Amino acid sequence: MLLKSNNDSAIAPLPDRPQHGGNLVWAASLAHCSPSAILDFSASINPLGPPKSAIAAIQAHLGDLKAYPDPQYSALRSALGAFHHMPPEYILPGNGAAELLTWACRDLAALDATCLFTPAFSDYQRALKAFNARVLARPLASQDDRHWNFEQALPLEAGKQRLNGQALGLLLNNPHNPTGSLLTKHRLQPHLHDYALVVVDEAFMDFLPPDEQQSVIDLVLEQPNLVVLRSLTKFYSLPGLRLGYAIAHPDRLKRWQEWRDPWSVNALAAAAGAVMVQDTAFQQQTWEWLAAAKPRLFHGLASLPGLQPSPGAANFLLVESDRSVVQLQMELLKRHQILIRDCLSFPSLGDRYFRVAIRTETENQRLIDGLSCIL
């Protein structure tokens, strides 16, 4: 199949191109090296982790592998409840946030339609499509004005009234992936009553310091139509462990529990999750690293010809390119063993955008040097 760029010119056929970042086996096959030799900017994972507390918890609970996990995950739910000041019954751990997204989309599909901001994470379309949901796409920006702005886009969807009284759902992530745009809590809160169900994916919210976060978790107690999804594997750098959780009304979570397979979270993930959220030293270290590393990478990218990074609130940057990103990605892989995230899985972006994670200062400079050599 031929892929198309934003200007509809055909680019090279790309079989088996991954839909997600972090596919090091695929990247290594193109770079003709070991997966361990790839410097991965395609997955937005904290480069400082995993925290020592998580590794210690995993090692201490290796003996638990000989028994089934607690099906209620009581210790993990209690730790997450204490962290968010929420009753444990409002929390459901999952096999990554992706599993919980599936059940959220099953609920959304029962409504007349779901409003979805675009560009959107490809798993949203996957999960909605799996249950035959009707989707109303709402662009964050026009083709002529690439200023990604939740603040302007949100009020243009008036909720139920837009479909003559039909029940609408709203699915969004905040900060937004891939643009990094941040929607303020006070801007979203008045619109919660317009929708039968609002699902907010806050997978990257914990990368913001507490005084900058715009989480709506505390609103769940008063808004039974609100669901918040969280990931524990990006901030704590354990994507291979697969751990996330949902915060929602207990009746909704009980229904999800009946839908899914038992023991969705393994014993080691549950043990690590219970201690990671209490690791305040690692959290502070991460916020200090990101505050220093992000602006340096932004300015380094902006100084290169043909690249225009967008400011954002998360631990990644969306970059517009005046040349084919697929070609740029291939050259970076083959010449420098560096993997960036193309945006072909975001149809409204196509072959002129890529996303890069913020990594350590040395690694970020290696990316700048590699791009400079090519550009």
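Quick notes on this structure:
- Candidates Ala56, Ala109, Leu76 compared by Cα position along the dipole of segment 40-138: farthest toward the positive end lies Ala109, with charges placed on Cβ.
- Our note on the geometry: Cα centres of segment 54-107 and segment 311-325, 33 Å apart.
- Surface listing: Phe41, Phe298 arranged by accessible area from highest to lowest gives Phe298, Phe41, probe 1.4 Å.
- With every protein chain in place, segment 271-375: carbon and sulfur % of accessible area (1.4 Å): 50 percent
- Subset of Lys129/Lys294; Lys52/Lys185; Lys66/Lys129; Lys185/Lys294 violating a 28 Å alpha-carbon distance limit: Lys129/Lys294; Lys52/Lys185; Lys66/Lys129
- Note on the chain: Cα Rg divided by 2.2 N^0.38 Å, N the number of residues, gives 0.98.
- Here the peptides 197-207, 109-119 are ranked by packing, the mean other Cβ count within 10 Å, and the order with the highest first is 197-207, 109-119.
- Peptides 208-221, 81-94 ranked from most to least packed by the mean count of surrounding Cβ atoms within 10 Å: 81-94, 208-221.
- Gyration tensor (alpha-carbon) shape descriptor, segment 310-351, a/c threshold 1.5: oblate
- Residue-normalised accessible area of segment 311-375, given per residue in Å² at a 1.4 Å probe: 33 Å²
- Surface accessible to a 1.4 Å probe, per residue, for the residues of segment 175-310, Å²: 38 Å²
- Summing Cβ point charges (Lys, Arg +1; Asp, Glu -1) relative to the Cα centre of the chain gives a dipole of roughly 540 debye.
- Over the chain, Cα pairs under 8 Å with separation of 6+ residues give a relative contact order of 24 percent.
The values are calculated or read from the model by the stated rules, or taken from the named source; none is laboratory data. In this text the structure is predicted, and so the values were computed from the model without any measurement. Every residue, glycine as well, gets a Cβ built from its backbone with ideal geometry; the counts of neighbours run over all protein chains shown. For accessibility, only protein heavy atoms count, side chains too; no ligands or nucleic acids. Shrake-Rupley method; radii C 1.70, N 1.55, O 1.52, S 1.80 Å.
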